[in-house]
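Okay, structure first, notes after.
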Amino acid sequence: MAHELPPLPYDAAALEPFISAEIMQLHHDKHHATYVEKLNGALGNHPELQSKSAEDLIRELNSVPEDIRKAVRDNGGGHVNHSMFWQIMKPEGGGEPTGQIAAAITQTFGDFNSFKEKFNDGGVKQFGSGWVWLVAGGGSQLEIVSTPNQDSPLTDGKFPILGNDVWEHAYYLQYQNRRPEYLKAWWNTVNWDEINKRFASASR
């Protein structure tokens, strides 16, 4: 079964002024669509893998045949990462975290502002293209990690609760080289309801 590009859960302009409609259209309709197309292409000669979810392919990356492993890592990772990314944002989002994730952030990082500073710092210091993540490891312990390119924490056995894309295609048309400004503005789009659902899934 071919992997498909999920639709945006809101209009491309819905996250303005923090993320422009032009960025969202290019990011979703071009970049994410290309990851899906190339993932399907990589799996074309491996029918035994075509029934697996993209998440399972990334979790079990070492068992993917070597001839397509890099293509699955790059494009399957891009598909998984972006499918999550659209969901953890929403119009009129942001504000303080709510629910169980709020308590977990306070317990782990002291307070929300300290967490944001450490998270944004991880995004700023990610060299080149990549992502910064809040992940749950063993026992639902929270930590901030960064990954290069489209690598997913799933490959390392960690569950991504939220993540921010620091590839230039995610922000450059609007923020140019001001990645810290983008990282700061992005918090105004965060969908804490969806993040709480992901945290609950990680805890099970």
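Throughout, read-outs are computed from the coordinates displayed, never taken from laboratory work. These numbers were taken from a predicted model, which means no experiment stands behind them. With ideal geometry, Cβ positions are generated from the backbone for all residues, glycine too; neighbour counts draw on all protein chains shown.
Only one of these conditions is not met by D67: (1) over 24 Å from Q176 (Cα atoms); (2) touching a Pro at 6+ places or on another chain (Cβ under 6 Å). Which number is it?
Checking D67 against (1) over 24 Å from Q176 (Cα atoms); (2) touching a Pro at 6+ places or on another chain (Cβ under 6 Å), the one that fails is (2).
Being without any contact (Cβ under 8 Å) to a residue 60 or more places away in the chain and under 18 Å from V132 (Cα atoms) is the filter; apply it to the stretch 176-204 and report the residue that is surrounded by the most Cβ atoms within 10 Å (Cβ to Cβ).
Top of the filtered list is Y182.
Give me the pairs: first residue in the stretch 40-53 and at positive phi, second residue polar (S, T, N, Q) and surrounded by 11 or more Cβ atoms within 10 Å (Cβ to Cβ), beta-carbon distance under 8 Å, and six or more apart or on different chains, which are they?
Here the result reads none, with nothing in the stretch 40-53 linked to a residue that is polar (S, T, N, Q) and surrounded by 11 or more Cβ atoms within 10 Å (Cβ to Cβ).
Residue check, W86 against (1) in contact (Cβ under 8 Å) with a residue 60 or more places away in the chain; (2) of a type in the set (F, W, Y); (3) loosely packed, with under 14 Cβ neighbours inside 10 Å, all met but one. Which one?
Against the list (1) in contact (Cβ under 8 Å) with a residue 60 or more places away in the chain; (2) of a type in the set (F, W, Y); (3) loosely packed, with under 14 Cβ neighbours inside 10 Å, W86 comes up short only on (3).
Taking the options N188, N196, name whichever one is touching a Gly at 6+ places or on another chain (Cβ under 8 Å), polar (S, T, N, Q) and under 26 Å from A21 (Cβ atoms).
N188 is the lone residue from the list that is touching a Gly at 6+ places or on another chain (Cβ under 8 Å), polar (S, T, N, Q) and under 26 Å from A21 (Cβ atoms).
All but one of (1) surrounded by 16 or more Cβ atoms within 10 Å (Cβ to Cβ); (2) under 25 Å from P180 (Cα atoms) hold for N40; which doesn't?
(2)
Just checking, which of E55, E92, E117 is acidic (D, E) and within 27 Å of A21 (Cβ to Cβ)?
Only one candidate passes the filter, namely E92.
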